[in-house]
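What follows is a set of notes on a single structure, which appears directly below.
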Amino acid sequence: MPDQAQLLPGTLDLLILKAVSLGPLHGYGVLLRIAQISGEALMIEQGALYPALFRLVRQGLLKANWGTSENNRRAKFYELTAAGRKRLREETEGWNRLAGAIASALAAQPEEA
Amino acid sequence: MKFLGSIRLRISALFRRSELNAEMDDELASHIQLRADDLERSGLSRAEAERRAHVEFGGQERYKEEIHEASGGGNFVETFFSDVRFSLRVLKKSPGFTIVAIGTLALAIGANALVFAVLNGLILRPLDLPNEKSLYGLENRNGSGYQSYPDYEDLRDRNSSFQSLAAFGITQAGLDTGKDPAPVWVYETSGNYFDALDIPPYLGRLLHASDERGPNSAPYIVLSYGYWHNHFQDDPGVVGRTVQLNMHPYTILGVTPPEFHGTLLFFSPEIFVPIVNHQQLAGAEELSQRHRRWVFELLGHLKPGVTREQAIADLNSIASYLEKTYPQDDGDTNFTLARPGLYGNFLGRPVEAFLGGLMLLAALILLAACANLGTLFAARASDRAREISLRIALGSSRTRILRQLLTEATLIALAGGVLGLLGSIALLRRLSVWQPFPRFPIHVPVSPDVRVYVVALLLAVASGLLFGVVPVRQVLRTNANEVIKSGSVTTVGRRITVRDVLLALQIAICAVLVTSSLVAVRGLARSLRSNFGFDPQNAVLADTELSMAGYSGPAAAAMQKRMLDTLAGSPGVQSVAFADTLPLNLDARIAAVFPDKETDLRASHAAAKGYLYQVSPGYLRAAGTTLLAGRDFSWHDDESTPAVAIVNQEFARRVFGSVTDAANRYFKIQDGTRVQVVGIVENGKYLNLAEDQKAALFLPILQRPTTQTWLVVRTGSDPQQLVATIRDELHSLDAGLPLNVQPWSSELQGVLFPSRMATLSLGVLGIMGAMLSITGIFGLAAYSVSKRMRELGIRIALGAKPQEVLRAALARPFKLLLFGSMAGLILGLLATRVLAAIVYQATPRDPVVLAGVVLAMALLGLLATWIPAHRALNVDPLILLRDE
């Protein structure tokens, strides 16, 4: 297993929204998708995922429907709602701003100060 | 509608919860399957893949709990219901604990509810009259309320403080409504009585001041609701009917409302009659006599704006006027005001003191019960340490666990409270209809009301929280890992824990209760054996008021002689005599006695006050009173011969200095008559058993005839058998004679009533205290044995002797028992000083009491540690060591 990055607090929701935005997923699928799109760098504790999923459903950012998985298992599939899409956009912008700011702050050279 | 809506929401929330649970389970199961599929694909067997998937996922319960919170679950109501459900399950699993806890609390709450209800009925809302705040009764300096009728008229007309000052007296009269003539209890009321108290008629009309036009001018009767209900079957036609009262025609005016029971608590009259007709009722012309204090109490509402102090000053200015104007009759007059109902402070103070004491003891019981339950809960909490740490390890929050424990405590508290309350209500119902003395219309008006329910339930919940909090510290300190690793955290230290303190406290309280009840029981036993100055065994009393049957003056005296002669000839009768009243009767008469030389016969110059009994010849023999010197009265001591008296030793000592000096000496009584002492008798009890020695004098009834007649019949056989004979013999003389016949020992029940009540209540409280400490000690001993099972097993395996094992297991409970009992004994002995006021001869320094308490506590300890000790001795080390 490659080195794993520490998940920053508050970022799990963002990752879930992003993962689901790429197409409807069941919970296990969300885990796999996050691992995949983060280049196996971000691994989420399996159980910790579900409270987050239920919270997002309750906030109206995700909606859930029972369906059948590719290997014929009954599973609950999550997809983004309109509100979820909007939130993902906002959160992504916010994250990019923050990441850019932190990156430029960390890139600062002594003579520029 | 809003309420219904919210209920629907709550119910649907509950359904949602189970839906959510099912969905969660499905989803997590599906997750595990999907993960297992992946693992299987990587080459594992299906079973191994599923196992791995489960392990990877971790504690499902914890995540479920988090999911609940995340999806908006965990709202108060839902958690509450789940806590309740869980608590019920847990409690059902340990029925022994639950029953002991609920029973303990039910006892304590029941006792408190009972005592509080009595306190509430008697003191907090005594008479239940309109506007009771401004209602006051007059009280003399000696604490009684008796006044003479002329004084009442002066006080009524001269005061400026009362809206209307009313008066009432209490007497018995013979009422003939056309059927069986029977004695009834009568309030003789002033005309303004009902108006002054603001009592509306239930039927017809009540008395008014305008009905009074001088002596015997108002032949009217007002019925109490109870009498009307029982004797006239609620017939509204009685108004206007004429009945015979003491052989005089009286007209029924109306009926009082059901909630009005007169103005003396415990003592409800059957009918009300104008006080101006006193002569027809009591057979004596006392209305105009200023020195005859027979009017029971004066009472009324103060005018708005008049304070109690102003009213007292006003009354006392009238008192000094009376003193100046009638020095002969009204010397030394002084009034205060007291709440009416319990006969002012005369009855009120002892009743209040007694109830206050009981309340204190009941509170102690509650405290002991709380301490007990605290110990139980603490012991249980540490027994459940493993469960609790498991739950914490699985991710339950400590607040959730505490909340659940408190829910458990509250459930027990509520169950105990409701049970206790139900029990006390049942008892109160019986108390309310209880008639301790058949002769008197006495009842104890203590039906429980909202106040009682609220207090009981508040007490229950408060104590529930109190003992529920005990294990909190323990839970907060629980270190999940430690407990699971080592089984249980055994700190077998010598440290004194909260539990120990609670138990010692509880044992001390129990010892106090046991001590007080033993003291009371001893006091009662002693008062039953004490010397009354007469012999109530083998004697029958028959009492009648001849004026009720129409006899007065010489006719009454002749009738008394006929009754005497008739009974003297009956089989089984050894001797018979009569008197106007008897020692230890409730209606005692007191006479002021003056030295022979004294000419100023004002009350303040009296040499002594003595209880006065007017007796027929032969009384001393019939009553069993020992004559120490001189002679008994003879039939020649009548109105034509010089006045003579027989006095008791105390009288002789006080008036003449010594018993030997008293013979044939003279003294004076209030009306100036010189009386010669012809006999001296032993001392006795006159008003109650706890009194200091009182002076008493006996005068020949022939020298001043009365209509009130108490026949004393002495027999050699069982007095109970004579009762019917006596009644028949007397009724054969006059069938209309209102009679009351019973053995003297039964008649004395009334005198013993206070100490009996005290003994009974203290006995019950003592037993409750004992039960509580048994469960307490048992709890601790059982707990300490089960805690140290393994250690005991090792000791036994290493060859410890039984007594060593016992010492190891039970030394601590025993030490606590010893310490608590000593403390309780000392406290109890201090507390019995208070008891001495109520219970006759309650001396705390009584070896029997001391030995009794020590023995009782030792027995309790033995009883309570028996089972745990047995368990400790039967520990099988093999099983135990294998087990753990």
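Note on A:ALA107 and A:THR11: with the Förster distance fixed at 25 Å, the Cβ-Cβ geometry gives a FRET efficiency of about 0.70.
So for the range B:539-746: antiparallel DSSP bridges make up what percent, rounded to the nearest 5? Percentage antiparallel, nearest 5: 75. Of the chymotrypsin sites (Phe, Trp or Tyr not before Pro) found in the range B:251-308, no site is in coil according to DSSP while having at most 15 other Cβ atoms within 10 Å of its Cβ.
Dipole check for the range A:11-107: with +1 at the C-beta of Lys and Arg, -1 at the C-beta of Asp and Glu, and the Cα centre as origin, the magnitude is about 380 Debye.
Only sites in a loop by DSSP and with at most 16 other Cβ atoms within 10 Å count here; which GluC sites (Glu not before Pro) in the range B:649-757 make the cut? Spell out each step's value before the answer.
Details: sites: B:GLU650, B:GLU682, B:GLU691, B:GLU729, B:GLU747; in loops: B:GLU682, B:GLU691.
Passing sites in the range B:649-757 are B:GLU682, B:GLU691.
Apply the a/c threshold of 1.5 to the C-alpha gyration tensor of the range B:140-272 and tell me whether it is rounded, prolate or oblate. The shape class here is prolate. The calculated FRET efficiency for the pair B:LEU360 and B:LEU687, based on their C-beta separation and a Förster distance of 25 Å, comes to about 0.35.
How crowded by other chains is B:20-33, given as the mean number of beta carbons from other chains within 10 Å of each beta carbon? List each step's numbers first, then the result.
Values: counts 1, 0, 0, 4, 2, 0, 4, 11, 4, 2, 9, 12, 2, 6.
Mean number of neighbouring Cβ atoms from other chains: 4.
Between the range B:192-260 and the range A:61-87, what is the C-alpha centre distance in whole Å? Taking the Cα centre of each part, the range B:192-260 and the range A:61-87 sit 88 Å apart. When peptides B:398-404, B:361-367 are ranked by their average number of other Cβ atoms within 10 Å per residue, the highest-first order is B:361-367, B:398-404. Subtracting the Cα-Cα distance of B:LEU818 and B:GLN163 from their residue separation scaled by 0.36 nm leaves 229.5 nm. The distance between label points at B:ALA313 and B:ASP198 comes to 2.6 nm (points 7 Å beyond Cα on the Cα→Cβ vector). Note on the protein assembly as shown: dipole from Cβ charges, positive end direction compared against B:ASN230, B:SER148, B:THR599; the farthest Cα belongs to B:ASN230. When the range B:539-746 is described by a simple charge dipole with +1 on each Lys and Arg Cβ and -1 on each Asp and Glu Cβ, the residue from B:PHE698, B:THR715, B:ALA579 located farthest towards its positive end is B:PHE698.
Sorted by mean Cβ packing within 10 Å, highest first, what order do the peptides B:242-248, B:189-195 take?
On the way: B:242-248: 18.6, B:189-195: 23.0.
Top of the packing list down: B:189-195, B:242-248.
Taking the range B:19-40 and a reference point 7 angstrom along Cα→Cβ of A:ARG58, the backbone N atoms nearer than 14 Å belong to B:20-21, B:24.
Around the amide H of B:GLU297, modelled in the peptide plane, lie the amide H atoms of B:PHE168, all under 5 Å away and 5 or more residues distant in sequence or on another chain. Taking Cα centre as origin and charging only the Cβ of basic (Lys, Arg, +1) and acidic (Asp, Glu, -1) residues, the dipole magnitude of the range B:132-341 rounds to 160 debye.
Quick check on the protein assembly as shown: take the gyration tensor over C-alpha atoms, sort the square-rooted eigenvalues as a ≥ b ≥ c, and tell me if it's rounded (a/c under 1.5), prolate or oblate. Provide the component values of the computation, followed by the final result.
Details: a/c = 3.36, a/b = 2.32, b/c = 1.45.
Because a/c hits 1.5 or more and a/b exceeds b/c, the protein assembly as shown counts as prolate.
So, R0 is 30 Å and r is the distance between the beta-carbons of B:GLU259 and B:SER144; what FRET efficiency does that work out to, to 0.05? Present the calculation step by step, with values, prior to reporting the outcome.
Numbers: r = 28 Å, r/R0 = 0.92.
That pair, B:GLU259 with B:SER144, gives E of 0.60.
In terms of its alpha-carbon gyration tensor, the range B:507-569 comes out prolate; a/c meets the 1.5 threshold, and the first ratio a/b outweighs b/c. Fewest-first ordering of B:HIS231, B:HIS301 by other beta carbons within 10 Å of each residue's beta carbon gives B:HIS231, B:HIS301. Per residue of peptide A:76-82, the mean number of Cβ atoms on other chains within 10 Å of the residue Cβ is 1.
In this simple spin-label approximation, B:ARG674 and B:LEU878 carry label points 7 Å from Cα along the Cα→Cβ vector, and these lie 10.6 nm apart. For the range B:188-201, 3J(HN,Hα) computed residue by residue from phi via the Karplus equation (6.51, -1.76, 1.60; θ = phi - 60°) reads 8, 10, 5, x, 8, 3, 5, 5, 5, 8, 6, 9, x, x Hz, glycine and proline entered as x.
Per-residue mean of foreign Cβ neighbours for A:68-75 is 4 (Cβ atoms of other chains, 10 Å radius).
Take every DSSP beta bridge whose two residues both sit in the range B:195-334, then give the antiparallel share in percent to the nearest 5.
Working: 8 of 12 bridges.
Among the beta bridges of the range B:195-334, antiparallel pairing accounts for roughly 65 percent.
Sort the following peptides by mean Cβ neighbour count (other Cβ atoms within 10 Å, averaged over residues), highest first: B:757-767, B:306-316. If you can, show how the numbers build up before the last one.
Numbers: B:757-767: 20.6, B:306-316: 15.9.
Per-residue Cβ counts within 10 Å, averaged per peptide and sorted highest first, yield B:757-767, B:306-316.
Neighbour counts of C-beta atoms inside 10 Å place B:ILE392, B:ILE646, B:ILE507 in the sequence B:ILE392, B:ILE646, B:ILE507, starting with the fewest.
Rank B:ALA652, B:GLN614, B:PHE667 by how far each Cα sits towards the positive end of the charge dipole of the range B:570-685 (+1 on Lys, Arg Cβ; -1 on Asp, Glu Cβ) and give me just the farthest. Ranked along the dipole, the leading option is B:ALA652. In this rough spin-label picture, where each label sits 7 Å from Cα along the Cβ direction, the B:LEU628-B:SER570 distance is 3.4 nm.
Legend: ranking of residues B:SER604, B:SER317 from fewest to most surrounding C-beta atoms inside 10 Å; resulting order B:SER604, B:SER317. State the Cα centre-to-centre distance between the range B:763-827 and the range B:689-718 in whole Å. The range B:763-827 and the range B:689-718 have Cα centres separated by 58 Å. Couplings 3J(HN,Hα) for the range B:109-120, derived from phi with the Karplus relation 6.51 cos²θ - 1.76 cosθ + 1.60 (θ = phi - 60°), are 5, x, 4, 5, 4, 4, 5, 5, 5, 5, 4, 4 Hz, where x marks Gly and Pro. Here the range B:696-751 is assigned +1 on the Cβ of each Lys and Arg and -1 on the Cβ of each Asp and Glu. Its dipole about the Cα centre then comes out at about 220 debye. Three semi-axes describe the equivalent ellipsoid of the range A:11-107; taken as square roots of 5 times the Cα gyration tensor eigenvalues and ordered largest first, they are 26, 16, 11 Å.
Throughout, read-outs are computed from the coordinates displayed, never taken from laboratory work. Only a predicted model underlies this, so the values are computations on that prediction, with no experimental measurement involved. Cβ sites come from the backbone with ideal geometry, for glycine too, and all protein chains shown count toward neighbours.
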